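Notes to accompany the following structure.
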Amino acid sequence: MSDRDGLIWLDGEMVPWREAKTHVLTHTLHYGMGVFEGVRAYKTDQGTAIFRLQDHTNRLFNSAKIMRMPMPYSKEQLNDAQRAAVRENKLDSAYIRPMCFYGSEGMGLRADNLETHAMVAAWTWGSYLGAENMEKGIRIKTSSFNRHHVNVTMCKAKANGNYMNSMLALREALDDGYDEALLLDVDGFVSEGSAENFFLIKEGVLYTPELTAALDGITRKTVITLAQDLGFEVREKRITRDEVYVADEAFFTGTAAEVTPIRELDRRAIGSGTRGPITAQLQSLYLDIVHGRSEKYRDWLTLV
Ligand SMILES: Cc1[nH+]cc(COP(=O)(O)O)c(CN[C@@H](CCC(=O)O)C(=O)O)c1O
């Protein structure tokens, strides 16, 4: 990722991509206390637009607040940085990664002179779980790793260090031949994917786990709104893995994953074993919206 042309926003300046470096004694590199976002910009007939930019920036600031990381920039500055990262790199569509981290001002857990730095990079990133899987659906397994207990790390913060749990779960799933992991919470109820929120559909009703150990996903919020606008009932509840086995449909949501159908959990086909009809309807509407093809939800788009 480091050897490419382009520009990265770093601490208020656009710097050449290859020069956007940090010291090996960067505190976050050692201890994982940093916060980040995953944001997508899409090509629309009015130009390139970022989906729910303000919501993502709000969550970034909330994550920093939870981690008690002082933020040296305003929300407006971070919004402008994300728009600039897409625009200055001349990207029609992009995955945008804002990240705030502690620098190399000090080492050790007791370092009291740390400064928060901020970077924003943007690059082209296609379908997160494979274009063909957006129709066929993915195969997932229940992970042997639980999602964090809500009082171990802070699950409403999109914090760098939380993603060791995600990587352990995802790598186990991939090694076992699956496309993604489904993580249970410490009580054994379904929480979320390694980088996605989870939904199932049973007899026309959508169910999604109560947030607790899961990230408060922006795509999850979006899909709940869309489903309700389409007249579907959406319930947040504790979900067991075997409720997924006998569900009619299931899917993941996320900025990177968008709306990705799940066709199988733990070698049990879900419903017909492919993308279900309600999943297809929500996926199609979501993709119309992010590409600016829906007037009703245009407020969610910010032109770069
Ligand atoms: C743990 C987790 N849960 C749910 C979500 C969905 O949240 P939202 O994007 O606001 O709908 C994400 C986003 N995962 C981001 C990082 C992916 C990565 O591989 O890095 C993303 O989708 O951009 C998570 O990381």
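The values are calculated or read from the model by the stated rules, or taken from the named source; none is laboratory data. Just so it is clear, the model here is predicted, and its values are computed rather than measured. Methodologically, a virtual Cβ is constructed for each residue, glycine included, from the backbone with ideal geometry; neighbour enumeration extends over all protein chains shown. The protein model used for the area step is the full one, side chains on, heavy atoms only, and it has no ligands, DNA or RNA in it. Shrake-Rupley method; radii C 1.70, N 1.55, O 1.52, S 1.80 Å.
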Return a yes/no flag: does the range 167-175 have any residue that is open to solvent by 70 Å² or more (accessible area, probe 1.4 Å) and within 30 Å of Asp5 (Cβ to Cβ).
yes
Considering only the range 245-258, state which residues are closer than 12 Å to Leu200 by Cα and aliphatic (A, V, I, L, M).
Val246, Ala247, Ala250
Of everything in the range 43-97, what is touching a Ser or Thr at 6+ places or on another chain (Cβ under 8 Å), closer than 24 Å to Thr28 by Cα and hydroxyl-bearing (Ser, Thr, Tyr)? Give them in sequence order.
Tyr95
Looking at the range 276-304, which of its residues are open to solvent by 20 Å² or more (accessible area, probe 1.4 Å), in contact with a Phe, Trp or Tyr (Cβ under 8 Å, 6 or more places away or on another chain) and not in a strand (DSSP E or B)?
Ile278, His291, Trp300
Check whether at least one residue in the range 184-194 is among the β-branched types (Val, Ile, Thr) and within 14 Å of the ligand (Cβ to nearest atom), and report yes or no.
yes
Only residues in the range 1-21 that are assigned to a loop (DSSP other than H, G, I, E, B) count as the first member; pair them with residues that are open to solvent by less than 40 Å² (accessible area, probe 1.4 Å) and among the β-branched types (Val, Ile, Thr), Cβ under 6 angstrom, at least 6 apart or cross-chain, and list the lot.
Ala20/Ile8
Out of the residues in the range 38-50 that are part of a strand (DSSP E or B) and more than 10 Å from the ligand (Cβ to nearest atom), state the one that is surrounded by the most Cβ atoms within 10 Å (Cβ to Cβ).
Ala41
Residues within the range 193-220 that are open to solvent by less than 10 Å² (accessible area, probe 1.4 Å) and of a type in the set (Asp, Glu), tallied
1
Options Glu264, Glu258, Glu243: the member that is more than 16 Å from the ligand (Cβ to nearest atom) and under 16 Å from Leu129 (Cβ atoms):
Glu264
Quickly run through the range 148-177 and pick out the residues that are out of contact with any helix residue (DSSP H, G or I) (no Cβ under 7 Å at 6 or more places or on another chain), touching a residue at least 40 places away in the same chain (Cβ under 8 Å) and assigned to a loop (DSSP other than H, G, I, E, B).
His149, Val150, Cys155
Residue check for Met134: open to solvent by less than 70 Å² (accessible area, probe 1.4 Å), within 16 Å of the ligand (Cβ to nearest atom) and not in a loop (DSSP other than H, G, I, E, B)
yes
Residue check: is Tyr178 among the aromatic types (Phe, Trp, Tyr) and within 11 Å of the ligand (Cβ to nearest atom)?
no
If you go through the range 60-68 one residue at a time, do you hit one that is part of a strand (DSSP E or B), modelled with pLDDT of 95 or more and under 25 Å from Trp17 (Cα atoms)?
no
Which numbered condition in (1) touching a residue at least 40 places away in the same chain (Cβ under 8 Å); (2) among the small types (Gly, Ala, Ser); (3) closer than 18 Å to Pro277 by Cβ; (4) open to solvent by 40 Å² or more (accessible area, probe 1.4 Å) is the only one that Ala247 fails?
(4)
